[in-house]
Amino acid sequence: MPNEIDKGRRDLDKVLRNPVKRPDSSVSLTRRTFLQRSLVTGTALGAGAASLGLLPLVNTIDVAQAAGESFRFAWVSDTHLYGPGVNERFVDKTVKAFKEIQGMSPSADFMIFGGDLAQKGRQDELQLGSDLLKEVKIKKLFIPGEHDWYLDMGAEWEKRFGGSPWSMDHKGVRIIGLNTIGHAPDYWTAKKMSPEERMGHMEALDGTVAGAWAGLGRPQLKWLSDNLAGWPKDKPIIVFSHNPLYNYYAPWNFWVRDWQEVQEILGPYSNVTNVHGHTHQVLYNEIGTMRSIGMLATSWPWPYAPGVPNLTTPMVRVDPGDHFDGVGWGSLTGGDRVENEYMMWRKDIFATAQADSGAGDEGNQVLNERIADKQWPY
Amino acid sequence: MKIKLSNRIGLLSGSFLIVAGVAVGLVASFSDTAQAHKVKHSPATLNAFDQVFMEQVRLGDLLFHGDPATQKKMGVTLSKTGMACAMCHPRAADTHPYEYPKFQEQINKFSTLRDITNWCIEKPNQGEKISVDSDAMKALEAYMYWSTRGSKLDPGRH
Ligand SMILES: [Fe+2]
Ligand SMILES: [Fe+2]
């Protein structure tokens, strides 16, 4: 496994070191961190965080067009809801995010839900998610996460939220929603797994059984290529995906396995922004002409994996005693220029000193693959 | 003693679970007779020692990933939120066992890995804290150390 990771890194490095291909600098992304005091007082559920002196920070991305019209939209993902009564903290944080999005002024053009609404893909979890989503009355777009999918192979998800991939043109921007989670190699049939067992292996981020499940797959790569065929090379594209469209850390599927093919398709376009979930942490990277922004979860933050992109300013070390810490949502402005604002419910988001950095311990840390899920009866 | 040992080694084949069970018996028979290091270690003996350790890693891995059957068997409730240790610590990332003992900010005192493990069980996981000497705690410790093997020992680091 370490050799595979090294190989992936070398491949990524080759792309990153290509001096010709960089995102168009005239439309460079700026991340803004600003506190919205009004949201604290305006949100009943914010009381706990507010009393600790923590202020909300929203994941916002501004796409500001130099020539065209700019617009604002919001991102929420990774709510990981359990069935009713199991984890009220996750429900509270989801409701808080949805209320804040509905309360945005001026209001967002749409909200994109980036996957992992449910934890185990169960009907009662997706039902709870649907109920909470009613709080948001602006236009809603959806892409699925692996936790929504592998109990019934996306049946319930697609019935509620529609299929993917999809695309739409909004104020001069081609917006694309991908399904990077529904194309896992079949790890269940030969082992005669029940739907619950199949989902169980998918549920563990560091599981070894589901393997390299994140990817677009051949048909979707073709769809993407066809979709963009008539789109001018210098016009903005925003691609939503659950997983990052580059190779950050394959063992946790912080990648799509066919990221090199994706880059070949997107490479000719000079203004591409990928916005992704799944990693539950502040992330920023540039691959060729594509810039990539990793968004916060509302549920819990994942630790930084080995090999945090150099362009990322890591988020702060999180207080595990405060379930409102290290999580949140996002507000983005779209157009020629995509700006992202992380709405994290605390004062400081980005770490400057090692002692405050969520990636600060990475230098000493070596991680190894788990074993128990490889042995009978697992 | 020697005959007994070779008999047991002869059984060291087949599934991991059977091997582990035999290995426990082997080590017990050694300690009974205070024979440690009196006889040269054969590869099979060393393998048996390793199996004892890896069985604890396996149990710890299952507990760490919230396996209900293992928790029930060991009589522990590590979480009541649905969350498992591995959900914030995949591959035991950010547990950094190699930094303990140290001053632990959350507990506001000098703490061991076992202390912070219990803090995590009680606070974020809202589970029932376990005895620091319990089998479950030793298994969790085995898993965290094993999973981060190769990391730099740096006790006291914040
Ligand atoms: Fe997630
Ligand atoms: Fe995910």
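The values are calculated or read from the model by the stated rules, or taken from the named source; none is laboratory data. Everything numeric in this text was worked out from a predicted model, so none of it was measured. Please note: Cβ atoms are built from the backbone with ideal geometry, for glycine as well, and neighbour counts cover all protein chains shown. Just the protein is used for accessible areas: all its heavy atoms, side chains included, with ligands, DNA and RNA removed. Shrake-Rupley method; radii C 1.70, N 1.55, O 1.52, S 1.80 Å.
Past the 30 Å Cα-Cα mark, which pairs from A:Lys140/A:Lys222; A:Lys137/B:Lys80; A:Lys93/A:Lys140; A:Lys222/A:Lys374; A:Lys134/B:Lys80? With Cα atoms farther than 30 Å apart: A:Lys137/B:Lys80; A:Lys222/A:Lys374. In the range B:104-133, whose amide N lies under 14 Å from the spot 7 Å out along Cα-to-Cβ of A:Asn364? List them in ranges. Under cut-off, by backbone N: B:104-105, B:111-113. The distance between label points at A:Lys7 and B:Ala44 comes to 3.8 nm (points 7 Å beyond Cα on the Cα→Cβ vector). Taking the Kirkwood radius as Rh and the Cα radius of gyration as Rg, the range A:140-290 has a ratio of Rg/Rh equal to 0.97. Each listed q (0.13 Å⁻¹) maps to a log10 I(q)/I(0) for the range A:220-378 from the Debye sum over equal C-alpha point scatterers, namely -0.69.
Per-residue shielding of B:92-103, expressed as the average number of other chain Cβ atoms within 10 Å of the residue Cβ, stands at 4. Here the simple spin-label model places points 7 Å from the Cα toward Cβ, and for A:Lys222 and A:Asp319 these points are separated by 5.4 nm.
Counts of other chain beta carbons within 10 angstrom of each beta carbon in peptide B:77-88 average 5. For trypsin sites (Lys or Arg not before Pro), the sites in the range A:224-307 that DSSP calls loop and that have at most 16 other Cβ atoms within 10 Å are A:Lys233. Applying the criteria of a DSSP loop state and at most 16 other Cβ atoms within 10 Å to the GluC sites (Glu not before Pro) of the range A:324-378 yields A:Glu369.
Annotation: lysines with alpha-carbon distance below 19 angstrom to B:Lys109 (same-chain offsets under eight excluded): B:Lys123, B:Lys129. May I ask you to list the lysines whose Cα is less than 28 Å away from that of B:Lys38, ignoring any residue fewer than eight positions away on the same chain? List returned: B:Lys2, B:Lys4, B:Lys138.
Subtracting the Cα-Cα distance of A:Glu264 and A:Lys134 from their residue separation scaled by 0.36 nm leaves 42.9 nm.
For the range B:78-138, the Kirkwood estimate of the hydrodynamic radius, built from every pair of different alpha carbons, is 12.0 Å.
Each Cα pair under 8 Å and six or more residues apart adds its separation to the average, and for the range A:56-214 the resulting relative contact order is 19 percent.
Summed over both chains, the accessible area lost when A and B associate is about 3300 Å², using a 1.4 Å probe.
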